[in-house]
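Enquirer: This is the structure, below, for whatever I ask next.
What follows draws every value from the coordinates through simple rules; no lab data is involved. Being a predicted model, the structure only gives us computed values, none of them experimental. Don't worry about glycine lacking a Cβ; one is built from the backbone with ideal geometry, like all the others, and counts go over all protein chains shown.
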Ligand code: AMP
Ligand code: ZN
């Protein structure tokens with residue numbers, strides 16, 4: 001997709017701090033982090049918003065979701081369970097869709113936020 005920032009990052013035409021890459025997905029650090037860990041997971045193939053997802057995209061959507069806990073673990077923000085099962089730490093996953101959803105970059109992406117709170121603008 002011409003003139004799409006995240007397509008350009010996927011094509012390595014614009015630099016990013018890449019934390020994961022495979023044939024279908026790319027993950028990189030958000031340039032303006034709102035939390036101690038703030039990553040973005042994108043499909044390499046251009047999909048503009050969650051509302052533009054087609055039935056054939058469900059596999060890549062599942063892979064995006066499955067990658068989040070893997071990256072959270074690699075960045076030290078996994079959910080940990082105490083001996084009695086009480087959960088500790090953790091992370092937030094978020095997809096903004098359209099202007100009312102707060103989407104600014106129109107290439108589907110999932111935010112992964114983690115680390116000690118409070119986070120910038122989030123509770
Ligand atoms: P959204 O509001 O969900 O569209 O989020 C877009 C995100 O992309 C924001 O958190 C920005 O900080 C981030 N962002 C914008 N440009 C870049 C870039 N060149 N590299 C990494 N992250 C970026
Ligand atoms: Zn794109």
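Enquirer: Rank the residues 5, 67 as a footprinting-exposure proxy: fewest other Cβ atoms within 10 Å of their Cβ go first. It would help to have the intermediate numbers written out before the result.
Expert: Details: 5 15, 67 19.
Ranked by crowding around the Cβ, least crowded first: 5, 67.
Enquirer: Another question about this same structure. How far is helix 58-74 tilted off the main Cα axis of the chain, in degrees rounded to 10, range 0 to 90?
Expert: Approximately 40 degrees, to the nearest 10.
Enquirer: Arrange 1, 122, 110 by Cβ neighbour counts within 10 Å, fewest through most, would you?
Expert: Neighbour counts put them in this order, fewest first: 122, 1, 110.
Enquirer: As an exercise, use a Förster radius of 35 Å and the Cβ-Cβ distance of residue 45 and residue 82 to find the FRET efficiency, rounded to the nearest 0.05. Mind dumping the intermediate values first?
Expert: Values: r = 41 Å, r/R0 = 1.17.
Taking R0 as 35 Å, the efficiency between residue 45 and residue 82 is 0.30.
Enquirer: May I ask you to derive the FRET efficiency for residue 89 and residue 63 from their Cβ-Cβ distance with R0 = 35 Å, giving the value to the nearest 0.05?
Expert: E between residue 89 and residue 63, to the nearest 0.05, is 0.90.
Enquirer: Here's a follow-up. For the residues 26, 39, what sequence is obtained by ranking on other C-beta atoms within 10 Å, fewest first?
Expert: Values: 26 21, 39 28.
Final ranking by Cβ density, sparse to dense: 26, 39.
Enquirer: Ok, one more. Separation between the residue 14 and residue 74 pseudo-spin-labels, each 7 Å from Cα along Cα→Cβ, expressed in nm?
Expert: In this crude spin-label approximation the distance works out to 2.2 nm.
Enquirer: Report the percentage of all Cα-Cα pairs in region 1-93 whose separation exceeds 16 Å, rounded to a whole percent. Present the calculation step by step, with values, prior to reporting the outcome.
Expert: Values: 2573 of 4278 pairs.
Tail fraction, whole percent: 60.
Enquirer: Also, quick follow-up: Per DSSP H run of n ≥ 4, the term is -39500 (n - 2.57); total these for the chain, divide by its residue number, and report the mean residue ellipticity at 222 nm rounded to 500 deg cm²/dmol. Can you show the working numbers first?
Expert: Numbers: 2 runs with 23 residues, N = 123.
Rounded to the nearest 500, it is -5500 deg cm²/dmol.
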